[in-house]
Amino acid sequence: MTVEIDPAGIWDSEAIADVAAATFPLACPPGATQDDIAAFIDDVLSAERFSEYLTDPNRTVLKVTHGGAIVGYAMLVDGEPADADVSRAVTLRPTTEISKLYVLPGNHGTGVASALMDAIVERAEAAGCAGLWLGVNQENVRAQRFYAKHGFTKVGTKTFLVGTQLHHDFVMQRAL
Ligand SMILES: CC(C)(COP(=O)(O)OP(=O)(O)OC[C@H]1O[C@@H](n2cnc3c(N)ncnc32)[C@H](O)[C@@H]1OP(=O)(O)O)[C@@H](O)C(=O)NCCC(=O)NCCS
């Protein structure tokens, strides 16, 4: 499957928000309520929020395009982790967070996500990062397996608020 991976621009805000709304529920544990998921999508994954992310100099949004349509995206956040638990667990500096990595379900298991991860690694290496880190829900075994295939190991835990519910994540890191 041939895809293109490029930095997104502010003009992509609506299309990426649509992909974000379609894919975020897939990363949530079965116990997450529809109301909490909807609140998170409204607060954090709206087109308005993506237009802010896309103009933040510390963030990079990469989009994956197939046949003219966006089928996945990732958001990278450079700099010191804000969360104290993460800051302790993540040992490599400078580090970049993979804050979001989502592919539409019809494209899972096709190599699209791996191509996106390769592009992330290439960008982080070019920027002089020593490591990448991410948080992944403790019940999201598929994503954990994907990250392990790409050299990430579990280095700690953190919590993540979705609506009113606190979710439990593993923190994973990989050296570059
Ligand atoms: C996470 C994601 C990007 C990975 O992309 P993908 O195309 O599914 O990844 P791959 O198929 O290359 O790798 C997944 C691995 O998990 C395995 N797997 C699939 N379902 C699984 C399950 N229920 N339990 C354990 N492993 C599973 C696959 O067999 C594969 O391993 P293999 O290559 O050794 O066979 C994609 O699944 C996705 O967008 N998911 C929804 C959003 C999400 O969870 N994002 C991550 C948030 S942290």
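Key figures for this structure:
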{"quantity": "Every residue from the stretch 19-33 that is under 17 Å from the mean Cα position of the chain (by Cα) and either among the β-branched types (V, I, T) or within 14 Å of V61 (Cβ to Cβ) (or both)", "calculated": "V19, A20, T23"}
{"quantity": "Checking D42 against (1) away from the ligand (no atom under 12 Å from the Cβ); (2) modelled with pLDDT of 95 or more; (3) out of contact with any helix residue (DSSP H, G or I) (no Cβ under 8 Å at 6 or more places or on another chain); (4) under 24 Å from Q144 (Cβ atoms), the condition it does not meet", "calculated": "(4)"}
{"quantity": "Failed condition for L26, given (1) in contact with a helix residue (DSSP H, G or I) (Cβ under 7 Å, 6 or more places away or on another chain); (2) more than 23 Å from Q144 (Cα to Cα)", "calculated": "(2)"}
{"quantity": "Helices (runs of 4 or more DSSP H) contained entirely in the stretch 61-176, each with at least 3 residues that are over 26 Å from A8 (Cα atoms)", "calculated": "84-89, 141-149"}
{"quantity": "Checking A115 against (1) touching a residue at least 12 places away in the same chain (Cβ under 8 Å); (2) more than 12 Å from the ligand (Cβ to nearest atom), the condition it does not meet", "calculated": "(2)"}
{"quantity": "Tally of residues being exposed (fewer than 14 other Cβ atoms within 10 Å of the Cβ) and either hydroxyl-bearing (S, T, Y) or within 11 Å of the ligand (Cβ to nearest atom) (or both) across the stretch 143-172", "calculated": "6"}
{"quantity": "Selection from the stretch 84-110 of residues that are at pLDDT 95 or above and over 21 Å from I16 (Cβ atoms)", "calculated": "V86, S87, R88, A89, V90, T91, L92, R93, P94, T95, G109"}
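The values are calculated or read from the model by the stated rules, or taken from the named source; none is laboratory data. Predicted, not measured: the structure shown is a model, and the values here were computed from it. Because the Cβ atoms are built from the backbone with ideal geometry, glycine has one as well, and the counts that use them run over all protein chains shown.
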